[in-house]
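Engineer: Next up is a structure, given as structure tokens.
The values are calculated or read from the model by the stated rules, or taken from the named source; none is laboratory data. Small disclaimer: the values here were computed from a predicted structure and weren't measured. In this analysis, Cβ positions are derived from the backbone assuming ideal geometry, glycine residues included, and neighbour counts consider all displayed protein chains.
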Amino acid sequence: MVTGHNPNSLCIGLPKNPVPEALDDAWEAIILRFLLPESLWKLQRWLGFGKERKMNGAREVVDRFCAEQISMNKKKLSEGKSRISFADEEGFNFLNCYLTGNQENSPKVSDEVMRDNMVNFIFATADTSSTALTWFFWMLEKNPIVEKKIREEIERNLPQKGDGKNIRLFQLEELSKLIYLHAALCEALRLFPPAPIQIRTPLQSETLPGGHCVDDKTNVLIFLYGMARMPSVWGDDCLEYKPERWITENGGIKHEPPHKFFSFNAGPRICLGRDIAFNLMKAIAATFIHNYNFQVLENHPVTPTLSVMFRMKFGLLVKVRNKSD
């Protein structure tokens, strides 16, 4: 979606792709910038040790990758091999929007701006969605009744066409019928928000509702993971994985205010891609659950990483088989 380039990062036997690992190193360094005194992490950056050393290496890898993609797409456009079309899903990508705009007398965009927005787009879509889906499938393994209800909802609302032997993919308009799946994803996002910490700094001195005084030099950390486990916010059953809390009496999705369900931020900074993210996760989850049976491998360690992304330290290892087998 970002560059039009398939890194083949899931193919066995190909050389390891350094970009995802570089991004992971960067996310780990950034979280420490929230937690350590500014003078300390800046000293680490100046001397080149600790997480800041990894950060510098990660920056070089990501910058090189972005520069290569920008150069490659510019060359294709100059040779007439690539032309943006909103009707052509295969040829459409985020980077070509910038490059084609530059060719059509639009305001010029520097390579640095394109690079920054490429990284931001990757972080906002791929990393957050994959992290959320990892925790979602882990929660399904621990709550087989929820998985059973999702399968029943898919079969009830989206009946199989044909002989049932081919892999079934779902259209966008079909996903709106999957209310329970939507609720199950909301519940996974509540308990395991992909970005578990948000930071705010007041514009002027202020007294918070709890009586704490803060000024324009105070960083206020909002701990989403902790909020999800507070009975005062989510009730006495806050520790339970309970999709039903998101469903109204009429069978629709219950709306929770952004300051309570903070996974997509709130106010002026609310996530612009919220609906896109839900459609992406629902499409992947519905396709996977409908077509396959899966089981998390026994004794697989589940430990979060210390990062701005609430990922599992060792990923999620599952055993998968086609339902038709």
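Engineer: Considering region 16-25 alone, what residues qualify as being crowded, with 19+ Cβ neighbours inside 10 Å and farther than 13 Å from Ile122 by Cα?
Structural biologist: Correct list: Asp25 only.
Engineer: I've got another one for you. Kindly indicate whether any position in region 251-259 is closer than 19 Å to Phe310 by Cβ and modelled with pLDDT under 95.
Structural biologist: yes
Engineer: If you don't mind, there's one more thing I want to ask. Would you tally the residues in region 145-192 being aromatic (Phe, Trp, Tyr) and at pLDDT below 90?
Structural biologist: Let us first name the residues in region 145-192 that are aromatic (Phe, Trp, Tyr), namely 170, 180, 192.
Subset that is at pLDDT below 90: 170.
So the count comes out to 1.
Engineer: Which condition breaks for Glu240 when tested against (1) surrounded by fewer than 20 Cβ atoms within 10 Å (Cβ to Cβ); (2) modelled with pLDDT under 95; (3) not aliphatic (A, V, I, L, M)?
Structural biologist: Unmet condition: (2).
Engineer: Give me the residue from region 205-238 that is out of contact with any Pro (no Cβ under 7 Å at 6 or more places or on another chain) and touching a residue at least 40 places away in the same chain (Cβ under 8 Å) and, out of that set, farthest from Trp138 (Cα to Cα).
Structural biologist: Asn219
Engineer: Run down Arg269, Arg311 and say which single residue is surrounded by 17 or more Cβ atoms within 10 Å (Cβ to Cβ) and either assigned by TED's automatic domain parsing to the domain that holds Trp138 or touching a residue at least 12 places away in the same chain (Cβ under 8 Å) (or both).
Structural biologist: After applying the criteria, what remains is Arg311.
Engineer: Are any of the residues in region 83-97 of a type in the set (Val, Ile, Thr), modelled with pLDDT under 85, surrounded by 17 or more Cβ atoms within 10 Å (Cβ to Cβ) and closer than 19 Å to Ala283 by Cα?
Structural biologist: Of region 83-97, the ones of a type in the set (Val, Ile, Thr) are 84.
Pick out the ones that are also modelled with pLDDT under 85 and you get 84.
Now narrow it down to the ones that are surrounded by 17 or more Cβ atoms within 10 Å (Cβ to Cβ): 84.
Retained after the next criterion (residues that are closer than 19 Å to Ala283 by Cα): none.
No: zero hits.
Engineer: Tell me the residue from Thr218, Thr201 that is outside the structural domain of Asp24 (by TED's automatic domain parsing), within 28 Å of Leu35 (Cβ to Cβ) and touching an Asp or Glu at 6+ places or on another chain (Cβ under 7 Å), please. Steps first, please.
Structural biologist: Details: Thr218 fails: touching an Asp or Glu at 6+ places or on another chain (Cβ under 7 Å).
From the options Thr218, Thr201, the qualifying one is Thr201.
Engineer: Ok, one more. Name the single residue, out of those in region 278-306 being under 16 Å from the mean Cα position of the chain (by Cα) and closer than 15 Å to Ala184 by Cα, that is surrounded by the fewest Cβ atoms within 10 Å (Cβ to Cβ).
Structural biologist: Across region 278-306, the extreme among qualifying residues is Asn279.
Engineer: Going through Leu185, Leu133, Leu172, Leu158 one at a time, which residue ends up being buried (at least 20 other Cβ atoms within 10 Å of the Cβ) and of a type outside the set (Gly, Ala, Ser)?
Structural biologist: Leu185
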